[in-house]
Amino acid sequence: MYIKTSLNNDGILTITLSRPEALNALNSALLKELSSVMADAFSNKNVRGIILTGDGDKAFVAGADIKELTALDPQQIFELSVKGQQLFKSIEDSPKPVIAVINGFTLGGGCELAMACHMRIATEISKFGQPEVNLGLIPGYGGTQRLTQLVGRAKALELILTGDMIAAQEAKTLGLINHVVATKEEAMILATKILDKIATKGPIAVANVIKSVNAGFNFEQQGYETEAKLFAECSKTHDFKEGTTAFIEKRKAQFKGE
Ligand code: CAA
(Lines give C-alpha, C1' and ligand atoms only; values in the text may rest on other atoms or scores of the structure.)
Protein backbone atom coordinates (compact mmCIF):
# COMPACT_ATOMS: atom_id res chain seq x y z
CA MET A 1 0.00 0.00 0.00
CA TYR A 2 1.56 3.26 -1.14
CA ILE A 3 -1.41 5.56 -0.57
CA LYS A 4 -3.07 6.91 2.56
CA THR A 5 -6.40 8.72 2.46
CA SER A 6 -8.41 10.73 4.93
CA LEU A 7 -11.79 12.39 4.44
CA ASN A 8 -12.70 15.27 6.75
CA ASN A 9 -16.22 16.29 7.83
CA ASP A 10 -16.36 18.98 5.15
CA GLY A 11 -15.82 16.53 2.29
CA ILE A 12 -12.13 17.27 1.67
CA LEU A 13 -10.27 14.08 0.80
CA THR A 14 -6.50 14.11 1.38
CA ILE A 15 -4.60 11.58 -0.71
CA THR A 16 -0.99 11.06 0.43
CA LEU A 17 1.48 9.26 -1.82
CA SER A 18 3.76 7.37 0.49
CA ARG A 19 7.03 5.82 -0.67
CA PRO A 20 9.38 8.14 1.21
CA GLU A 21 12.35 5.76 0.85
CA ALA A 22 12.24 6.44 -2.93
CA LEU A 23 11.11 10.08 -2.60
CA ASN A 24 7.58 8.90 -3.51
CA ALA A 25 8.68 7.86 -7.03
CA LEU A 26 5.78 6.56 -9.09
CA ASN A 27 6.09 2.83 -9.66
CA SER A 28 3.30 0.94 -11.43
CA ALA A 29 1.82 -0.40 -8.18
CA LEU A 30 1.49 3.16 -6.83
CA LEU A 31 -0.06 4.37 -10.11
CA LYS A 32 -2.58 1.51 -10.04
CA GLU A 33 -3.55 2.37 -6.46
CA LEU A 34 -3.83 6.07 -7.32
CA SER A 35 -6.05 5.23 -10.26
CA SER A 36 -8.47 3.32 -8.08
CA VAL A 37 -8.44 5.89 -5.22
CA MET A 38 -9.12 8.69 -7.72
CA ALA A 39 -11.98 6.80 -9.43
CA ASP A 40 -13.58 6.20 -6.01
CA ALA A 41 -13.18 9.87 -5.08
CA PHE A 42 -14.79 11.07 -8.33
CA SER A 43 -17.87 8.90 -7.75
CA ASN A 44 -18.17 9.47 -3.98
CA LYS A 45 -20.87 12.09 -3.32
CA ASN A 46 -19.35 12.90 0.08
CA VAL A 47 -16.11 14.12 -1.55
CA ARG A 48 -16.27 17.82 -2.51
CA GLY A 49 -12.57 18.49 -3.07
CA ILE A 50 -9.26 16.63 -3.18
CA ILE A 51 -5.78 17.40 -1.84
CA LEU A 52 -2.95 15.37 -3.35
CA THR A 53 0.32 15.39 -1.46
CA GLY A 54 3.53 13.45 -0.85
CA ASP A 55 4.69 11.83 2.37
CA GLY A 56 7.89 12.90 4.15
CA ASP A 57 9.66 16.23 4.28
CA LYS A 58 11.80 15.89 1.15
CA ALA A 59 9.61 15.32 -1.88
CA PHE A 60 6.18 15.59 -3.42
CA VAL A 61 7.23 13.02 -6.06
CA ALA A 62 10.73 12.61 -7.60
CA GLY A 63 9.37 11.20 -10.86
CA ALA A 64 8.61 7.87 -12.42
CA ASP A 65 10.48 5.00 -10.76
CA ILE A 66 13.75 4.96 -12.72
CA LYS A 67 14.77 1.51 -11.47
CA GLU A 68 11.45 0.08 -12.64
CA LEU A 69 11.77 1.75 -16.07
CA THR A 70 15.08 -0.01 -16.70
CA ALA A 71 13.36 -3.41 -16.35
CA LEU A 72 10.74 -2.71 -19.06
CA ASP A 73 10.95 -3.24 -22.82
CA PRO A 74 10.04 -0.36 -25.18
CA GLN A 75 6.48 -1.66 -25.77
CA GLN A 76 5.91 -1.85 -22.00
CA ILE A 77 7.37 1.65 -21.63
CA PHE A 78 4.96 2.92 -24.30
CA GLU A 79 2.02 1.27 -22.52
CA LEU A 80 3.14 2.71 -19.16
CA SER A 81 3.29 6.17 -20.69
CA VAL A 82 -0.19 5.88 -22.22
CA LYS A 83 -1.61 4.55 -18.93
CA GLY A 84 0.03 7.33 -16.92
CA GLN A 85 -1.21 9.93 -19.40
CA GLN A 86 -4.76 8.53 -19.07
CA LEU A 87 -4.63 8.60 -15.27
CA PHE A 88 -3.30 12.17 -15.23
CA LYS A 89 -5.97 13.23 -17.75
CA SER A 90 -8.64 11.75 -15.48
CA ILE A 91 -7.29 13.93 -12.66
CA GLU A 92 -7.28 16.99 -14.91
CA ASP A 93 -10.89 16.16 -15.90
CA SER A 94 -11.99 15.45 -12.31
CA PRO A 95 -15.41 17.01 -11.69
CA LYS A 96 -14.16 17.93 -8.21
CA PRO A 97 -11.30 20.37 -7.69
CA VAL A 98 -7.89 18.78 -7.05
CA ILE A 99 -5.08 20.78 -5.38
CA ALA A 100 -1.50 19.53 -5.17
CA VAL A 101 0.16 20.38 -1.85
CA ILE A 102 3.88 20.29 -2.56
CA ASN A 103 6.72 19.98 -0.08
CA GLY A 104 10.08 19.32 -1.74
CA PHE A 105 11.25 17.73 -4.99
CA THR A 106 8.61 17.74 -7.72
CA LEU A 107 10.41 16.25 -10.68
CA GLY A 108 9.68 14.40 -13.91
CA GLY A 109 6.47 12.39 -13.49
CA GLY A 110 5.98 14.20 -10.16
CA CYS A 111 5.90 17.59 -11.83
CA GLU A 112 3.62 16.09 -14.49
CA LEU A 113 1.27 14.81 -11.78
CA ALA A 114 1.23 18.19 -10.03
CA MET A 115 0.50 19.91 -13.36
CA ALA A 116 -2.51 17.63 -13.94
CA CYS A 117 -4.05 18.99 -10.71
CA HIS A 118 -6.18 22.13 -10.95
CA MET A 119 -3.97 24.16 -8.60
CA ARG A 120 -0.57 23.83 -6.94
CA ILE A 121 0.50 25.18 -3.54
CA ALA A 122 4.15 24.69 -2.61
CA THR A 123 6.49 25.32 0.29
CA GLU A 124 9.54 27.55 -0.21
CA ILE A 125 11.97 24.61 -0.22
CA SER A 126 10.17 22.90 -3.14
CA LYS A 127 12.01 22.37 -6.40
CA PHE A 128 10.49 21.73 -9.80
CA GLY A 129 11.86 20.28 -13.02
CA GLN A 130 11.63 17.85 -15.91
CA PRO A 131 15.06 16.15 -15.63
CA GLU A 132 14.28 13.23 -18.00
CA VAL A 133 16.87 14.49 -20.49
CA ASN A 134 19.55 13.61 -17.91
CA LEU A 135 18.42 9.99 -18.34
CA GLY A 136 18.44 10.10 -22.16
CA LEU A 137 14.64 10.34 -22.01
CA ILE A 138 11.79 12.82 -22.44
CA PRO A 139 8.80 13.47 -20.15
CA GLY A 140 6.22 10.70 -20.64
CA TYR A 141 3.21 11.64 -18.53
CA GLY A 142 2.10 14.76 -20.38
CA GLY A 143 4.91 17.12 -19.31
CA THR A 144 5.76 18.29 -22.82
CA GLN A 145 2.15 19.45 -23.21
CA ARG A 146 1.12 20.73 -19.76
CA LEU A 147 4.37 22.54 -18.96
CA THR A 148 4.05 24.36 -22.28
CA GLN A 149 0.45 25.31 -21.46
CA LEU A 150 1.43 26.67 -18.05
CA VAL A 151 4.69 28.52 -18.72
CA GLY A 152 4.74 29.02 -22.50
CA ARG A 153 6.81 27.33 -25.19
CA ALA A 154 10.13 29.15 -24.69
CA LYS A 155 10.41 28.52 -20.96
CA ALA A 156 9.05 24.95 -21.30
CA LEU A 157 11.71 24.18 -23.89
CA GLU A 158 14.42 25.70 -21.70
CA LEU A 159 13.36 23.64 -18.68
CA ILE A 160 12.86 20.35 -20.54
CA LEU A 161 16.05 20.68 -22.64
CA THR A 162 18.33 21.65 -19.74
CA GLY A 163 16.65 19.43 -17.13
CA ASP A 164 17.30 22.28 -14.66
CA MET A 165 15.44 22.51 -11.39
CA ILE A 166 13.80 25.77 -10.37
CA ALA A 167 12.84 26.99 -6.90
CA ALA A 168 9.25 27.50 -5.78
CA GLN A 169 9.41 31.29 -6.06
CA GLU A 170 10.51 31.11 -9.71
CA ALA A 171 7.88 28.45 -10.41
CA LYS A 172 5.28 30.87 -9.10
CA THR A 173 6.61 33.75 -11.20
CA LEU A 174 6.41 31.50 -14.28
CA GLY A 175 2.80 30.50 -13.52
CA LEU A 176 3.70 26.87 -12.87
CA ILE A 177 2.30 27.04 -9.33
CA ASN A 178 -0.39 29.15 -7.66
CA HIS A 179 1.02 29.92 -4.21
CA VAL A 180 4.24 29.63 -2.20
CA VAL A 181 4.05 29.36 1.60
CA ALA A 182 6.58 28.68 4.36
CA THR A 183 5.48 25.29 5.67
CA LYS A 184 3.54 22.22 4.59
CA GLU A 185 1.07 22.90 7.38
CA GLU A 186 0.37 26.35 5.90
CA ALA A 187 0.02 24.79 2.44
CA MET A 188 -2.56 22.33 3.78
CA ILE A 189 -4.47 25.14 5.51
CA LEU A 190 -4.54 27.26 2.35
CA ALA A 191 -5.56 24.31 0.15
CA THR A 192 -8.35 23.44 2.58
CA LYS A 193 -9.52 27.07 2.67
CA ILE A 194 -9.71 27.22 -1.15
CA LEU A 195 -11.51 23.87 -1.38
CA ASP A 196 -13.94 24.86 1.41
CA LYS A 197 -14.79 28.00 -0.55
CA ILE A 198 -15.35 26.04 -3.77
CA ALA A 199 -17.50 23.56 -1.81
CA THR A 200 -19.98 26.38 -1.10
CA LYS A 201 -20.63 26.71 -4.87
CA GLY A 202 -22.94 24.54 -6.95
CA PRO A 203 -21.19 21.21 -7.70
CA ILE A 204 -22.58 21.15 -11.26
CA ALA A 205 -21.25 24.65 -11.97
CA VAL A 206 -17.87 23.66 -10.49
CA ALA A 207 -17.67 20.53 -12.68
CA ASN A 208 -18.69 22.55 -15.73
CA VAL A 209 -16.02 25.21 -15.11
CA ILE A 210 -13.38 22.46 -15.16
CA LYS A 211 -14.92 20.86 -18.26
CA SER A 212 -15.07 24.17 -20.13
CA VAL A 213 -11.53 25.27 -19.27
CA ASN A 214 -10.18 21.86 -20.32
CA ALA A 215 -12.22 21.79 -23.53
CA GLY A 216 -9.99 24.51 -24.95
CA PHE A 217 -6.98 22.18 -24.74
CA ASN A 218 -8.41 19.06 -26.40
CA PHE A 219 -6.62 19.82 -29.67
CA GLU A 220 -3.41 18.70 -27.96
CA GLN A 221 -4.22 14.98 -28.21
CA GLN A 222 -1.66 14.64 -30.99
CA GLY A 223 0.98 16.12 -28.69
CA TYR A 224 0.29 13.50 -26.01
CA GLU A 225 0.40 10.67 -28.57
CA THR A 226 3.71 11.92 -29.95
CA GLU A 227 5.13 12.21 -26.44
CA ALA A 228 4.24 8.58 -25.54
CA LYS A 229 5.66 7.29 -28.82
CA LEU A 230 8.94 9.22 -28.46
CA PHE A 231 9.23 8.39 -24.74
CA ALA A 232 9.27 4.70 -25.80
CA GLU A 233 11.63 5.44 -28.74
CA CYS A 234 14.15 7.00 -26.31
CA SER A 235 14.03 3.87 -24.17
CA LYS A 236 15.51 1.87 -27.09
CA THR A 237 18.72 3.90 -27.10
CA HIS A 238 22.15 3.34 -25.60
CA ASP A 239 21.82 6.83 -24.10
CA PHE A 240 18.79 5.70 -22.02
CA LYS A 241 20.74 2.71 -20.72
CA GLU A 242 23.69 4.97 -19.91
CA GLY A 243 21.51 7.71 -18.31
CA THR A 244 19.57 5.35 -16.06
CA THR A 245 22.67 3.30 -15.15
CA ALA A 246 24.49 6.52 -14.27
CA PHE A 247 21.58 7.54 -11.99
CA ILE A 248 21.62 4.18 -10.21
CA GLU A 249 25.43 4.27 -9.90
CA LYS A 250 25.23 7.90 -8.68
CA ARG A 251 27.57 9.25 -11.38
CA LYS A 252 27.32 11.66 -14.34
CA ALA A 253 26.09 10.13 -17.62
CA GLN A 254 28.23 10.17 -20.78
CA PHE A 255 25.87 10.40 -23.77
CA LYS A 256 26.90 9.37 -27.29
CA GLY A 257 23.79 10.07 -29.33
CA GLU A 258 23.15 6.44 -30.17
N1 CAA B 1 13.08 6.61 -9.18
C2 CAA B 1 13.57 5.66 -8.37
N3 CAA B 1 14.22 5.93 -7.22
C4 CAA B 1 14.41 7.22 -6.92
C5 CAA B 1 13.94 8.27 -7.74
C6 CAA B 1 13.25 7.91 -8.93
N7 CAA B 1 12.73 8.83 -9.76
N8 CAA B 1 14.30 9.46 -7.19
C9 CAA B 1 14.97 9.16 -6.06
N10 CAA B 1 15.03 7.82 -5.89
C11 CAA B 1 15.66 7.09 -4.79
C12 CAA B 1 17.19 7.13 -4.93
O13 CAA B 1 17.65 6.14 -5.82
C14 CAA B 1 17.62 6.89 -3.48
O15 CAA B 1 17.49 5.51 -3.22
P16 CAA B 1 18.73 4.73 -2.49
O17 CAA B 1 18.74 5.35 -1.12
O18 CAA B 1 18.27 3.32 -2.51
O19 CAA B 1 19.97 5.03 -3.28
C20 CAA B 1 16.50 7.58 -2.68
O21 CAA B 1 15.39 7.74 -3.56
C22 CAA B 1 16.91 8.99 -2.20
O23 CAA B 1 17.35 9.71 -3.34
P24 CAA B 1 18.82 10.37 -3.46
O25 CAA B 1 19.80 9.63 -2.61
O26 CAA B 1 19.13 10.51 -4.90
O27 CAA B 1 18.52 11.79 -2.77
P28 CAA B 1 19.29 13.16 -3.06
O29 CAA B 1 18.80 14.11 -2.03
O30 CAA B 1 20.75 12.95 -3.20
O31 CAA B 1 18.74 13.63 -4.51
C32 CAA B 1 17.04 14.03 -6.18
C33 CAA B 1 17.37 13.93 -4.66
C34 CAA B 1 17.76 15.23 -6.79
C35 CAA B 1 15.53 14.19 -6.28
C36 CAA B 1 17.50 12.73 -6.86
O37 CAA B 1 16.98 11.62 -6.15
C38 CAA B 1 17.06 12.59 -8.30
O39 CAA B 1 17.64 13.21 -9.17
N40 CAA B 1 16.04 11.75 -8.56
C41 CAA B 1 15.59 11.45 -9.90
C42 CAA B 1 14.80 12.57 -10.50
C43 CAA B 1 14.42 12.21 -11.92
O44 CAA B 1 15.26 12.02 -12.78
N45 CAA B 1 13.12 12.13 -12.18
C46 CAA B 1 12.61 11.78 -13.49
C47 CAA B 1 12.32 10.30 -13.56
S48 CAA B 1 11.87 9.74 -15.17
C49 CAA B 1 10.28 10.25 -15.37
O50 CAA B 1 9.67 10.81 -14.49
C51 CAA B 1 9.68 9.89 -16.70
C52 CAA B 1 8.32 10.44 -16.92
O53 CAA B 1 8.15 11.58 -17.27
C54 CAA B 1 7.18 9.56 -16.82
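The values are calculated or read from the model by the stated rules, or taken from the named source; none is laboratory data. This structure is a prediction, so every number in the text was calculated from the model and none was measured. Using ideal geometry, Cβ is built from the backbone for each residue, glycine included, and neighbour counts are taken over all protein chains shown.
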Cβ pairs under 6 Å, 6+ apart or interchain, first in the stretch 234-258 and over 19 Å from Leu72 (Cα atoms) and part of a helix (DSSP H, G or I), second modelled with pLDDT under 95 and among the basic types (Lys, Arg), ordered by first then second residue, are none
Scanning the stretch 118-128 for residues that are surrounded by 24 or more Cβ atoms within 10 Å (Cβ to Cβ) and not charged (D, E, K, R) gives Ile121, Ala122, Ser126, Phe128
Check: Could we say that Leu230 is out of contact with any Leu (no Cβ under 9 Å at 6 or more places or on another chain) and within 16 Å of the ligand (Cβ to nearest atom) here?
Finding: yes
Contact list, first residue from the stretch 13-31 and without any contact (Cβ under 8 Å) to a residue 40 or more places away in the chain and closer than 15 Å to Cys111 by Cα, second anywhere and near the ligand (Cβ under 8 Å from one of its atoms) and of a type in the set (Asp, Glu), beta-carbon distance below 8 Å, six or more apart or interchain, is none
Filter the stretch 104-120 for residues that are assigned to a strand (DSSP E or B) and within 12 Å of the ligand (Cβ to nearest atom); the one that is farthest from Glu186 (Cα to Cα) is Leu107
Please indicate, with yes or no, whether at least one residue in the stretch 163-181 is touching a residue at least 12 places away in the same chain (Cβ under 8 Å), within 16 Å of the ligand (Cβ to nearest atom) and under 22 Å from Leu31 (Cβ atoms).
-> no
_So for the stretch 65-85 (the condition being away from the ligand (no atom under 16 Å from the Cβ) and buried (at least 18 other Cβ atoms within 10 Å of the Cβ)), does at least one residue qualify?_
no
Exercise. Looking at this structure, is Leu150 farther than 24 Å from Thr70 by Cβ and modelled with pLDDT of 95 or more?
Worked result: yes
Counting only residues in the stretch 182-223 that are among the β-branched types (Val, Ile, Thr) and touching a residue at least 60 places away in the same chain (Cβ under 8 Å), the one farthest from Glu124 (Cα to Cα) is identified as Val206
| query | Of the residues that make up the stretch 91-103, is at least one touching a residue at least 60 places away in the same chain (Cβ under 8 Å), under 12 Å from Arg146 (Cβ atoms), away from the ligand (no atom under 12 Å from the Cβ) and part of a helix (DSSP H, G or I)? | reply | yes
Residue hits (the stretch 32-62; without any contact (Cβ under 8 Å) to a residue 60 or more places away in the chain, within 11 Å of the ligand (Cβ to nearest atom), of a type outside the set (A, V, I, L, M) and in contact with a helix residue (DSSP H, G or I) (Cβ under 7 Å, 6 or more places away or on another chain)) are Gly56
Taking the stretch 121-142 and keeping residues under 15 Å from Ala25 (Cα atoms) and either away from the ligand (no atom under 12 Å from the Cβ) or polar (S, T, N, Q) (or both) leaves Gln130
Residues of the stretch 35-81 being within 15 Å of the chain's Cα centre (by Cα), outside any helix (DSSP H, G or I) and not acidic (Asp, Glu), in sequence order, are Ile50, Ile51, Leu52, Thr53, Gly54, Ala59, Phe60, Val61, Ala62, Gly63, Ala64
| request: For Thr244, indicate whether it is more than 19 Å from the chain's Cα centre (by Cα) and crowded, with 19+ Cβ neighbours inside 10 Å. | output: yes
